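The values are calculated or read from the model by the stated rules, or taken from the named source; none is laboratory data. Note that the structure is a prediction, hence the values are computed from the model and not measured. Glycine also receives a Cβ, built like all others from the backbone with ideal geometry; neighbour counts cover every protein chain displayed. For the accessible areas, the whole protein counts, side chains as well, though only heavy atoms, and no ligand, DNA or RNA atoms are used. Shrake-Rupley method; radii C 1.70, N 1.55, O 1.52, S 1.80 Å.
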Amino acid sequence: KMFANCSQQSNYLICEYKMSKKSTTVQLNQALHVIAIDQARSLANQANEAQKNIGIDPQLPDVLTFLVLSGLSMELYFKAIMLLARGGLVTKGHNLKILYTEFPVFLKESLNRNYLNNSKDIALPIKVIAIAQRTGKPRFPDKKGLDKNFDSFESAIESVANIFTKSRYFFEEIDNDYSYIEYPVGQISSLIHSLGSTYDAWLDDEFVDGV
């Protein structure tokens, strides 16, 4: 939308137009949290099955499928919690870190507590796949900037914040000669479990505050 601030000057009108900022939230029916959580769980189950089929010899197309499903699942978990706890007010977008920053401290603490309780699923090192994007012989992949931190829910969600867009649009997310795709299986499992447990805790009235 555009808004105009107009002033009369002699026999003509001068108008200053300003573009309004796009809203980052949308108000929906709170009851939609049921659909969102069911879809989040369905995608998580599909991601789990995709991971089982990958086995010990990961192939890039299968890894990307797993990551796309996982990214969408986590996004819908975040939005299911928002729908439920904020009366239907949902933050738009795919960036998981941005969605996480919308949460108050007590929910962040719940997410981190559940994440750490599932530390048995968190294994290092993490496989990183470098997809050569340029024609000709690219230079050797640069390790700089590839280090990710998965010590807490917050650091882990920041590390996979763009997992959906990076995996779905790997041909657009280019860093010099390569697209870098992280494959943190155990960490993703713990993130999804933490989101699901926090959603269930809200349904069980374990929290007294709103988001």
In region 151-167, the residues that are surrounded by 19 or more Cβ atoms within 10 Å (Cβ to Cβ) and part of a helix (DSSP H, G or I): Phe153, Ala156, Ile157, Ser159, Ile163, Phe164, Lys166, Ser167
May I ask you to list the residues in region 169-211 that are at pLDDT 85 or above, under 19 Å from the mean Cα position of the chain (by Cα) and open to solvent by 50 Å² or more (accessible area, probe 1.4 Å)? Ser189, His193
Complete set of residues in region 75-99 that are within 19 Å of Ser159 (Cβ to Cβ) and surrounded by fewer than 20 Cβ atoms within 10 Å (Cβ to Cβ): Gly93, His94, Asn95, Lys97, Ile98
